[in-house]
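Asker: I'd like to ask some things about the structure below.
The values are calculated or read from the model by the stated rules, or taken from the named source; none is laboratory data. What you are looking at is a predicted structure, and each value in this text was computed from that prediction instead of being measured. Methodologically, a virtual Cβ is constructed for each residue, glycine included, from the backbone with ideal geometry; neighbour enumeration extends over all protein chains shown. Surface accessibility is based on the protein's heavy atoms, side chains included, excluding ligands, DNA and RNA. Shrake-Rupley method; radii C 1.70, N 1.55, O 1.52, S 1.80 Å.
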Amino acid sequence: MQFRRLLFVLASLLVSMPIQAANLSLSIEAPTKEQRDNIKAHLGQLPDTEQHRASFVFNSESATETALAALGFYSPNIELALDKQNDPWKLSIAVEPGPATKWQQVDIQIVGDAMQLEEFQGIALLEGLIQGQRVIHSHYDSTKSQLMGQALQLGFFDATMVTARLEIDRKRHLANAVLHFESGRRYQFGDIQFEGSDLEPELLQSMLNFESGDPYNINQVTGLSRALVQSGYFSAVKVLPLIDQRQDGQVPVRVDLTPARNHSFNVGVGYATDTKQRASITWRTPQVNTLGHSQETKIEYSDVNPYVRFLYDIPLSNPNTDILQLGLGLESNEYADIESELRHARIGRKTIHDGWIRQYYVRHLDERWDILEDSQKSQFIMPGVTWAKTRRQGNPVDPEAGLRQYYLLEVASDKMRSDANIARFVAQLKWLDRFAENHRVVARTTLGASYFEDKDLSDVPPSLRFYAGGDESIRGFGYQSLGPKIDYTDEEGNQKKLTVGGRYLATASLEYQYYLNDNWRVAAFTDGGNAFDDLEDTVDWAYSVGGGIHWMSIVGPVKLDVARSISKTNPQWRLHINIGAEL
């Protein structure tokens, strides 16, 4: 009996909707939530004055009839009960919707150039206007709106709805929808004028995704606006199809451009366990000259990796997808127990196609490092290529799903003014996916392989070797602290080991994240791998486990993770702090 009574209470809650305002309490009883919601929407806001209350009660029956008719119920039985004895008054609306009216005929005719286009085919089906289905007025209205909206998007500016008629047979509970649409001609893009920029016309033309004479499409208009903004040359962009000035089947287009500031400076501070505290300043000049050249200079200081980098971009066929890049750099880095200083210069071509960023380059590397009080230096001229692609869904700083790929291949030859014959390959993959609302999995791996002909590993520049350990490698271990080691005796006669890096690298990580709410999540992970020197030798794999808590900031997750090794004796817990988007 108690279970049956519980079911009765739940059923009553499902078919009624009690709502209360200051002077009126409203209860709506109807078989479906769709009907209750539509009745509430047509009744409108509950009254807050006595005059408004009287009007609300007086119109409640007609509003309920209209709400049910919009859902295809034209013969409802509506019972109203108004209790004035208590304050607030109580208005009860009980509805039996009656038989549903269904579409007997859906007559949609398209005349003109639009009848040949795929975009106009099946609009009625997509919007739910289907013969034999229950009449829902919004389906009829949205089909009519879609026809006119699609026409405006595709350049049918003379389109008219010749006939738009909804026929209801209340006795037979049948309805007909009649939509006769005259599209007229499809206009083309006409003359395209750029105003407000001193860039060379050829450079602006290179960003066009349509030409004069192409069929009009609003998506190409927004695409051009997006490309101009992406170029970085402008602080404001307006692409204006002058529809009122259309003639001879063409629509002129005016592009109003506001140049970006000549110079911009960004100052940043941060902290990560690997690089410690850091501060940076970036100077950008988005347009150096009328040819569209640009430059970026960045100076960053940190205890581990201070550097100065200069990048100069020269647009080739398109400033967004095809760029000649010139770069210079001076930096210092700590590779385990080795400190290195390097200078590099680079010339390359950067192209973007189908989401892939490809860079073909030649770089000059001049590196100096100290190992066991022995100073060494090397220089290389290294042709190389990189491929990178990032795909993500959802919030860019905290994606729902995504995959990042990065590949590098570069070589050097002693016949091309290099100190050794070298070949290097690196692959980095990171994948994540959020499921079941609050759960997410993140997996990543880094693989590296190199070849050094007739060269001892300790004689190879540290920047060309592989190391493991750190925030983005194997947590629980120090930054670049893992890899092949050599034995040495210190000044006091103690035997010690020096990490010198390896020819190969293999690391992987698997992390589970649980969202406590929109701002916080917790994580548990395991990392593993190492850098090593010989494929045939047994690798001393390093493993760790850990967990953390992450705060979702506007610049990406702020991660506080702790981890410890499970592959060495008496390990210490290590704190890892990182800030920024994961892809």
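Asker: Which of the strands (runs of 3 or more DSSP E) found entirely inside the range 24-98 contain at least 2 residues meeting this: within 48 Å of the chain's Cα centre (by Cα)?
Answerer: Output list reads 24-29, 89-96.
Asker: Go over the candidates Lys377, Lys389 one by one and state the one that is open to solvent by 80 Å² or more (accessible area, probe 1.4 Å) and either part of a strand (DSSP E or B) or of a type in the set (D, E, K, R) (or both).
Answerer: Lys377
Asker: Of a type in the set (Phe, Trp, Tyr), surrounded by 11 or more Cβ atoms within 10 Å (Cβ to Cβ) and touching a Leu at 6+ places or on another chain (Cβ under 8 Å): does that describe Phe73?
Answerer: no
Asker: Quick test of your reading of the structure: Arg564 fulfils all but one of (1) modelled with pLDDT of 90 or more; (2) surrounded by fewer than 17 Cβ atoms within 10 Å (Cβ to Cβ); (3) of a type outside the set (Phe, Trp, Tyr); (4) on the phi > 0 side of the Ramachandran plot. Name the failing condition by number.
Answerer: (4)
Asker: Restricting to the range 333-371, and then to whatever is in contact (Cβ under 8 Å) with a residue 24 or more places away in the chain and not in a strand (DSSP E or B), can you tell me which residue is surrounded by the most Cβ atoms within 10 Å (Cβ to Cβ)?
Answerer: My answer is Ala336.
Asker: Something else: Quick check on the range 482-491. Is at least one of its residues out of contact with any Phe, Trp or Tyr (no Cβ under 9 Å at 6 or more places or on another chain), of a type in the set (Asp, Glu) and either at positive phi or not in a strand (DSSP E or B) (or both)?
Answerer: Yes: one or more hits.
Asker: Still on this structure, please answer the following. If Pro484 satisfies every condition in (1) at pLDDT below 95; (2) under 25 Å from Ser302 (Cβ atoms) but one, which is the exception?
Answerer: (2)
Asker: Continuing with this model, one more query. Report yes if Thr222 is open to solvent by less than 30 Å² (accessible area, probe 1.4 Å) and in a helix (DSSP H, G or I), otherwise no.
Answerer: no
Asker: So, one more: Can you confirm whether the range 493-503 contains a residue that is exposed (fewer than 15 other Cβ atoms within 10 Å of the Cβ) and part of a loop (DSSP other than H, G, I, E, B)?
Answerer: Looking through the range 493-503, at least one residue is exposed (fewer than 15 other Cβ atoms within 10 Å of the Cβ) and part of a loop (DSSP other than H, G, I, E, B).
Asker: Please indicate, with yes or no, whether at least one residue in the range 409-417 is modelled with pLDDT of 95 or more, over 30 Å from Gln495 (Cα atoms) and either more than 32 Å from the chain's Cα centre (by Cα) or not aliphatic (A, V, I, L, M) (or both).
Answerer: Yes, because at least one residue in the range 409-417 is modelled with pLDDT of 95 or more, over 30 Å from Gln495 (Cα atoms) and either more than 32 Å from the chain's Cα centre (by Cα) or not aliphatic (A, V, I, L, M) (or both).
Asker: Kindly indicate the residue of the range 197-218 that is hydroxyl-bearing (Ser, Thr, Tyr) and not in a helix (DSSP H, G or I) and also surrounded by the fewest Cβ atoms within 10 Å (Cβ to Cβ) among those meeting that condition.
Answerer: It comes out as Ser212.
Asker: So, one more: Take the residues in the range 451-472 that are small (Gly, Ala, Ser) and open to solvent by 10 Å² or more (accessible area, probe 1.4 Å), then tell me which one is farthest from Arg343 (Cα to Cα).
Answerer: Filtering the range 451-472 for residues that are small (Gly, Ala, Ser) and open to solvent by 10 Å² or more (accessible area, probe 1.4 Å), the one farthest from Arg343 (Cα to Cα) comes out as Ser458.
Asker: Another question, then. Take the residues in the range 96-123 that are β-branched (Val, Ile, Thr) and in contact with a strand residue (DSSP E or B) (Cβ under 7 Å, 6 or more places away or on another chain), then tell me which one is most open to solvent (accessible area, probe 1.4 Å).
Answerer: It comes out as Val111.
Asker: While we're here: Within the range 285-326, which residues are without any contact (Cβ under 8 Å) to a residue 60 or more places away in the chain, of a type in the set (Val, Ile, Thr), in a loop (DSSP other than H, G, I, E, B) and surrounded by fewer than 16 Cβ atoms within 10 Å (Cβ to Cβ)?
Answerer: If the condition is that a residue be without any contact (Cβ under 8 Å) to a residue 60 or more places away in the chain, of a type in the set (Val, Ile, Thr), in a loop (DSSP other than H, G, I, E, B) and surrounded by fewer than 16 Cβ atoms within 10 Å (Cβ to Cβ), then Val288 is the only one that fits.
Asker: Give the residue, chosen from Phe194, Phe189, that is part of a strand (DSSP E or B), under 14 Å from Asp256 (Cα atoms) and among the aromatic types (Phe, Trp, Tyr).
Answerer: Phe194
Asker: For residues that are open to solvent by less than 100 Å² (accessible area, probe 1.4 Å) and under 21 Å from Gln428 (Cα atoms), scanning just the range 529-540, find the one that is modelled with the lowest pLDDT.
Answerer: So, considering only residues that are open to solvent by less than 100 Å² (accessible area, probe 1.4 Å) and under 21 Å from Gln428 (Cα atoms), the one modelled with the lowest pLDDT is Asp534.
Asker: Please go through the range 49-70 and give me each residue that is buried (at least 17 other Cβ atoms within 10 Å of the Cβ), of a type in the set (D, E, K, R) and in contact (Cβ under 8 Å) with a residue 24 or more places away in the chain, ordered by number.
Answerer: Of everything in the range 49-70, just one residue is buried (at least 17 other Cβ atoms within 10 Å of the Cβ), of a type in the set (D, E, K, R) and in contact (Cβ under 8 Å) with a residue 24 or more places away in the chain, namely Arg53.
Asker: Go through (1) free of Cβ contacts under 8 Å to residues at least 40 places away in the same chain; (2) surrounded by 15 or more Cβ atoms within 10 Å (Cβ to Cβ); (3) closer than 30 Å to Asp374 by Cβ one by one and return the number of the condition Asp487 breaks.
Answerer: (2)
Asker: Give the range 450-481 a look and list any residue that's hydrophobic (A, V, I, L, M, F, W, C) and part of a helix (DSSP H, G or I), or say none.
Answerer: Those that are hydrophobic (A, V, I, L, M, F, W, C) and part of a helix (DSSP H, G or I): Leu457, Leu464.
Asker: Turning to a different aspect of this structure: Any residue that is open to solvent by 30 Å² or more (accessible area, probe 1.4 Å), assigned to a loop (DSSP other than H, G, I, E, B), closer than 29 Å to Ala272 by Cα and not β-branched (Val, Ile, Thr) - is there at least one of those in the range 438-449?
Answerer: Scanning the range 438-449, I find at least one residue that is open to solvent by 30 Å² or more (accessible area, probe 1.4 Å), assigned to a loop (DSSP other than H, G, I, E, B), closer than 29 Å to Ala272 by Cα and not β-branched (Val, Ile, Thr), so the answer is yes.
Asker: Out of all the residues in the range 234-272, which are under 27 Å from the mean Cα position of the chain (by Cα) and open to solvent by less than 40 Å² (accessible area, probe 1.4 Å)?
Answerer: Phe234, Val237, Val239, Leu257, Ala260, Ser264, Gly268, Gly270, Ala272
Asker: Residues of the range 208-223 being under 19 Å from Ala151 (Cα atoms) and among the small types (Gly, Ala, Ser), which ones?
Answerer: Gly213, Gly223 - these are the residues of the range 208-223 that are under 19 Å from Ala151 (Cα atoms) and among the small types (Gly, Ala, Ser).
Asker: Evaluate the following for Leu14: is it touching a Lys or Arg at 6+ places or on another chain (Cβ under 9 Å) and modelled with pLDDT of 85 or more?
Answerer: Here the answer is no, as Leu14 does not meet what is asked.
Asker: Can you run down the residue pairs with Cβ atoms below 7 Å, 6 or more apart or on separate chains, where the first is in the range 429-444 and within 18 Å of Arg475 (Cβ to Cβ) and the partner is assigned to a strand (DSSP E or B) and of a type in the set (Phe, Trp, Tyr)?
Answerer: Partner pairs satisfying both residue conditions: Val441/Tyr512; Ala443/Trp431.
Asker: Could you check, for the range 400-411, whether at least one of its residues is β-branched (Val, Ile, Thr) and crowded, with 16+ Cβ neighbours inside 10 Å?
Answerer: Yes, some residue in the range 400-411 is β-branched (Val, Ile, Thr) and crowded, with 16+ Cβ neighbours inside 10 Å.
Asker: Hey, can you tell me all the residues within the range 166-186 that are within 16 Å of Ile130 (Cα to Cα), under 43 Å from the mean Cα position of the chain (by Cα) and of a type outside the set (Gly, Ala, Ser)?
Answerer: Result: Leu166, Val178, Leu179.
Asker: Looking only at the range 153-186, count every residue that is touching a strand residue (DSSP E or B) at 6+ places or on another chain (Cβ under 9 Å) and outside any strand (DSSP E or B) and tell me the total.
Answerer: The total comes to 10.
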